[in-house]
Amino acid sequence: RRIRLFSDMTNEQAEKFVSIVEKIKVRQFQPIVKQGEHGDSMFLIMDGEARVSLTTEGKEDTIAMLGVGDFFGEIALLDSGPRSADVTANKDCTLLQLSKKHLDQITAQHPDLAAHFLIAMNRFLGGRLRQTNERFAKAQLFARGASGQINPPSGLKWKRGA
């Protein structure tokens, strides 16, 4: 029940899902996934906390903190492509690892369960995409304002050289 992707499932469906996927433990500060590595699994956080980060020119930037109920790695599950970020355990974590093999098994043996899960995941991904688009738009406005291409919104003043 702590996993938000299970919110539309019955207790029986959630238990069935958990019985198929792999439960793993990750120690504090241990990397879970590395940017650029290929993967075919997503992870759901049952306990603990993880940090999502990108490293650019040797500098690590944290882009998200994840806790109980959150998930990551879904892009690699869907396209088996490279990981888009690093994820590291900030605290000891208990994770559910859903691989492509597990998803194929759930889809074949429990299509109703797969449908609930995939619909919930798409709902969350839609929200993440909206947030990303909003952050991008704000970053573009900031960049244009800093370069003098636009005027700041009324009541605000850009500080040059800050």
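Examine region 49-58 for a residue that is open to solvent by 10 Å² or more (accessible area, probe 1.4 Å), closer than 21 Å to Gly127 by Cβ and either of a type in the set (Asp, Glu) or assigned to a loop (DSSP other than H, G, I, E, B) (or both), and state whether such a residue exists. Looking for residues that are open to solvent by 10 Å² or more (accessible area, probe 1.4 Å), closer than 21 Å to Gly127 by Cβ and either of a type in the set (Asp, Glu) or assigned to a loop (DSSP other than H, G, I, E, B) (or both), one finds at least one in region 49-58, hence yes. Filter region 69-95 for residues that are farther than 17 Å from Arg27 by Cβ and touching a residue at least 60 places away in the same chain (Cβ under 8 Å) and give the result. Gly69, Asp70, Phe71, listed by residue number. Could you please find all residues in region 102-119 being surrounded by 12 or more Cβ atoms within 10 Å (Cβ to Cβ) and within 20 Å of Asp40 (Cβ to Cβ)? His102, Leu103, Gln105, Ile106, Thr107, His110, Leu113, Ala114, Phe117, Leu118, listed by residue number. Can you list residue pairs whose Cβ atoms sit under 6 Å apart, with the first residue in region 3-28 being small (Gly, Ala, Ser) and the second being not in a loop (DSSP other than H, G, I, E, B)? Count only pairs 6 or more apart in sequence or on different chains. From residues that are small (Gly, Ala, Ser), the pairs are Ala14/Phe6.
Being of a type outside the set (Lys, Arg), under 13 Å from the mean Cα position of the chain (by Cα) and not in a strand (DSSP E or B), is that true of even one residue in region 7-27? Taking every residue of region 7-27 in turn, none turns out to be of a type outside the set (Lys, Arg), under 13 Å from the mean Cα position of the chain (by Cα) and not in a strand (DSSP E or B).
The values are calculated or read from the model by the stated rules, or taken from the named source; none is laboratory data. Here the structure is a predicted model, which means the values were calculated and not measured. Counting neighbours? That spans all protein chains shown, and the Cβs are built from the backbone with ideal geometry, glycine included. These area figures cover heavy atoms from the full protein model, side chains too; ligands, DNA and RNA do not enter into them. Shrake-Rupley method; radii C 1.70, N 1.55, O 1.52, S 1.80 Å.
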